[in-house]
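*Asks:* Mind having a look at this structure? Questions to follow.
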Amino acid sequence: MVTRSYVHLMVPVLLLLLAGCSTGFHLERGFVNSSPAPQRGMSVLVVPFHNLTTHPGAGVAMGRIMAAELYQQGLFTVQESPSLEQEGVSGDDPGSDAVVQARVVGADAVLSGSVTEYGYRQGFRKQPVVGISLRLIRTDGTVLWAASASEAGNAYLGRDSLTGAAQRMAMRLVDSLALTMKEDGS
């Protein structure tokens, strides 16, 4: 009898513990330059990000996801680098080359970055993880915005995709930039 009631108590406790682990997590740090601040409507070139992972195409994928979120938010006039359309492009251009590309196409700034994590962690179930570091750089070389973020998706009670984790992270990053721009009165 005692053993049976012990089991009935432990099952709900274990379910609560698993539910607590299933929500995933995110971490974000950022910087916004106050003078000059990023301005709504400025033209921004999005280039493939430098891929520091073993996942092929992670830099191109994150560049596309960030460009899509910038289109959605409507903060900037977004231009995409032609290399965002080419599979297999490594995105190994350093920031200064990206600034030169932005000048050539007449953009006000460039969004470049690095993908530091892009894949699945093995455990009880596969957990998607994404990490990036971004910089919005004006064509004179001034950093207008910088952020780093990581996202780990749900692995226990539901299925989560790598793309879903990357999109949630992109939404949070662009949302935080938008809120900062509103506070600055830009």
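The values are calculated or read from the model by the stated rules, or taken from the named source; none is laboratory data. This structure is a prediction, so every number in the text was calculated from the model and none was measured. Methodologically, a virtual Cβ is constructed for each residue, glycine included, from the backbone with ideal geometry; neighbour enumeration extends over all protein chains shown.
*Asks:* Looking for whichever is of a type in the set (D, E, K, R), modelled with pLDDT of 90 or more and over 17 Å from the mean Cα position of the chain (by Cα) here; the options are ASP93, ASP97, ASP108. Which one fits?
*Replies:* Going through ASP93, ASP97, ASP108 in turn, just one is of a type in the set (D, E, K, R), modelled with pLDDT of 90 or more and over 17 Å from the mean Cα position of the chain (by Cα): ASP108.
*Asks:* Name every residue in the stretch 14-52 that is at pLDDT 60 or above, part of a loop (DSSP other than H, G, I, E, B) and in contact with a helix residue (DSSP H, G or I) (Cβ under 9 Å, 6 or more places away or on another chain), in order of residue number. Steps first, answer last, please.
*Replies:* To start, the set of residues in the stretch 14-52 that are at pLDDT 60 or above comprises 25-52.
With part of a loop (DSSP other than H, G, I, E, B) added as a condition, the list becomes 33-42, 47-49, 52.
Selection gives ALA37, PRO38, GLN39, ARG40, VAL47, PRO48, PHE49, LEU52.
*Asks:* Mind checking which residues of the stretch 53-86 are outside any helix (DSSP H, G or I), among the small types (Gly, Ala, Ser) and surrounded by 21 or more Cβ atoms within 10 Å (Cβ to Cβ)? First the steps, then the outcome.
*Replies:* As a first pass, look at the stretch 53-86 and keep what is outside any helix (DSSP H, G or I): 53-57, 74-81, 86.
If we keep only those that are among the small types (Gly, Ala, Ser) too, we end up with 57, 74, 81.
Within the stretch 53-86, just SER81 meets the criteria.
*Asks:* Name the residues in the stretch 113-137 that are in a strand (DSSP E or B) and either over 21 Å from ARG168 (Cβ atoms) or charged (D, E, K, R) (or both), would you? Reasoning before the result, please.
*Replies:* Quick first cut of the stretch 113-137, residues in a strand (DSSP E or B) only: 113-121, 127-137.
Once the filter is applied, which keeps residues that are in a strand (DSSP E or B) and either over 21 Å from ARG168 (Cβ atoms) or charged (D, E, K, R) (or both), the stretch 113-137 yields GLU117, ARG121, ARG135, ILE137.
*Asks:* Within the group VAL115, VAL99, VAL110, VAL143, which residue is closer than 20 Å to VAL46 by Cα and surrounded by fewer than 18 Cβ atoms within 10 Å (Cβ to Cβ)?
*Replies:* VAL143
*Asks:* Let me ask something else about it. Would you confirm whether any residue within the stretch 132-150 is modelled with pLDDT under 90 and of a type outside the set (Asp, Glu)?
*Replies:* no
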